[in-house]
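The structure appears below as structure tokens.
The values are calculated or read from the model by the stated rules, or taken from the named source; none is laboratory data. Just so it is clear, the structure is predicted and the values come from calculations on it, not from any experiment. Here the Cβ positions follow ideal geometry from the backbone for every residue, glycine too, while neighbour counts run over all protein chains shown.
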Amino acid sequence: MTPRAERAVAARNLNAILGKKRTIDWALARRAQSSLSKELTYGVLRHYFSLCDQVDDALSKSFRKQDLDLYGLLLVGAYQLGRTRIPAHAAIYETVEAAHELRKPWAKGVVNAVLRKLSERPISPSEHSFEHPEWLNSKLRDQYAEAEALMDANNRRAPMCLRVNTRRTTPRDYQALLERADIGYRKSWLPESLVLETPRPTDELPGFAEGLVAVQDIGAQLAIQPLAARLEPGQRVLDACAAPGGKLFHLLEAHDGLNVVAIDRATDRVQDLQRIAARLGHRNFTIQVADATQLSWWDAIGFDHVLVDVPCSGSGTLRRHPDIKVTRRWTEVESQLELQGRLLGNLWLTLCGGGTLLYCTCSILAEENDGIVGAFVETQADARVIDVKLPTGQATRFGWQLLPTERTTDGFYFALLQKDEK
Ligand SMILES: C[S@@+](CC[C@H](N)C(=O)[O-])C[C@H]1O[C@@H](n2cnc3c(N)ncnc32)[C@H](O)[C@@H]1O
């Protein structure tokens, strides 16, 4: 890919994210990328708020809606000038030429003028030094004494973490494979969890195609820990929001003889889950596309354990998904609270007396976490909160919160509830 094409691809990625509210994962999968086009896309989103200030200040009039790709291109240029080691002349030249790639050669003059202006200005300390939208900034400040450290952590690059598939190999043997391939790693809290020194494409990982390993954040790998001591062979377990299957497969790898039922509402995500299951060699579960706010999919045989990894804001995963900072509105998060409560309430009905339910989010916002669980246990007479304690993170009133300030975990929340025996 030519240098100008890399800038144009990044501008197109941003156009899809900013204009069409696509996710960064969607945008990156949509067209061929180079490592620079990805880096430019992530970089712009991480520093979006201050880059917009700079570009808006240097632009004499805004672009038409159909030219949002050019606005993305200017952000790509501003990011290179202020936040990378790319020499200014190369950054400006290639970004201006990228207007051709976007089939808008008429815009070369304005792109050139704006980027030259920016290159002559010292980068002033931004009002948006934490690069978070106002609503999220104020929620984090209300909810966390360490809000600034959290926002700082959200703007850092996420590490690449691996889960060794213990059905196919041992952690020791896999570590030996990494060493032979000269890939640096660190161990983490669980024997199967590894953190790479430098992220790399999965096709460079030994045995990836053969299913020896999966990519999974360490926080996500801690998710099944609260249930671990209670799982026994032969028990019926439901994973109610299962796709693409990270926690489900970890469960199947770590515990023998479970009778696992998985459901998810999204057909395309269930197809992804099935593809990953085939790579990892997992066949000991059933999966169906079904709505967990309903009971029509259920055979009325109670589950001993239920895992409810609800859809949420993803506010714990901003390092991996900086698009969320830019596109998510509080009103959207708020409207999902009702669904989270409904999922918890409905799935409770499928749990046996004496059984446990693990409620899980990848959010650091109290409303989606203790807010949902607290409202539920206050009205549900047969629900008891069981304490959760993990090797990192902090206790909350009803559960446990992992925070991205611990470098190897995204922000996750877990609450474990037990149903009284009848
Ligand atoms: C946080 S993701 C689950 C991630 C998954 N547990 C893992 O570890 O890979 C939430 C999932 O909930 C699913 N979902 C949303 N609403 C649902 C519903 N009403 N019933 C079942 N699944 C639902 C989404 O399709 C999405 O796959």
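Before moving on, here are some points about what is shown:
- Within the stretch 245-262, if we keep just the residues that are farther than 19 Å from Thr169 by Cα and buried (at least 21 other Cβ atoms within 10 Å of the Cβ), the residue that is nearest to the chain's Cα centre (by Cα) turns out to be Gly245.
- Hits in the stretch 247-286 (condition: part of a loop (DSSP other than H, G, I, E, B) and not hydrophobic (A, V, I, L, M, F, W, C)): His255, Asp256, Gly257, Arg265, Gly281, His282, Arg283, Asn284
- Criterion applied to Val385, Val373, Val377 was being out of contact with any helix residue (DSSP H, G or I) (no Cβ under 8 Å at 6 or more places or on another chain) and within 26 Å of Val237 (Cα to Cα), and the one residue passing it is Val377.
- Residue in the stretch 79-98 that is under 24 Å from the mean Cα position of the chain (by Cα) and closer than 18 Å to His47 by Cα present: yes
- Looking at Ala290, Ala300, just one residue is more than 21 Å from the chain's Cα centre (by Cα), within 10 Å of the ligand (Cβ to nearest atom), over 25 Å from Arg163 (Cβ atoms) and not polar (S, T, N, Q), and that residue is Ala290.
- Residue that is over 30 Å from Val96 (Cβ atoms) and surrounded by fewer than 16 Cβ atoms within 10 Å (Cβ to Cβ), where the choices are Glu204, Glu192, Glu120: Glu204
- Count of residues meeting criterion [away from the ligand (no atom under 14 Å from the Cβ) and on the phi > 0 side of the Ramachandran plot] in the stretch 232-284: 3
- Tallying residues that are under 18 Å from Val306 (Cα atoms), within 14 Å of the ligand (Cβ to nearest atom) and not aliphatic (A, V, I, L, M) within the stretch 343-367 yields 7.
- Taking the criterion of being within 25 Å of the chain's Cα centre (by Cα) and closer than 17 Å to Arg283 by Cα, the residues of the stretch 162-178 that qualify are Asn165, Thr166.
- Of residues in the stretch 158-189 being among the small types (Gly, Ala, Ser), assigned to a loop (DSSP other than H, G, I, E, B) and free of Cβ contacts under 8 Å to residues at least 60 places away in the same chain, the one surrounded by the most Cβ atoms within 10 Å (Cβ to Cβ): Ala181
- Scan of the stretch 203-217 for residues that are closer than 19 Å to Thr169 by Cβ and within 14 Å of the ligand (Cβ to nearest atom), ordered by number: Ala214, Val215, Gln216
- Test: residue in the stretch 61-68 that is in contact with a Ser or Thr (Cβ under 6 Å, 6 or more places away or on another chain) and modelled with pLDDT under 95: no
- Candidate set: the stretch 377-417, residues that are polar (S, T, N, Q) and under 19 Å from the mean Cα position of the chain (by Cα); chosen: the one surrounded by the most Cβ atoms within 10 Å (Cβ to Cβ): Thr409
Yes or no, residue by residue, for (1) without any contact (Cβ under 8 Å) to a residue 60 or more places away in the chain; (2) within 29 Å of Gly411 (Cβ to Cβ); (3) loosely packed, with under 13 Cβ neighbours inside 10 Å:
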| site | (1), (2), (3) |
| --- | --- |
| Ser50 | no, yes, no |
| Leu81 | yes, no, no |
| Glu97 | no, no, no |
| Val111 | yes, no, no |
| Leu115 | yes, no, no |
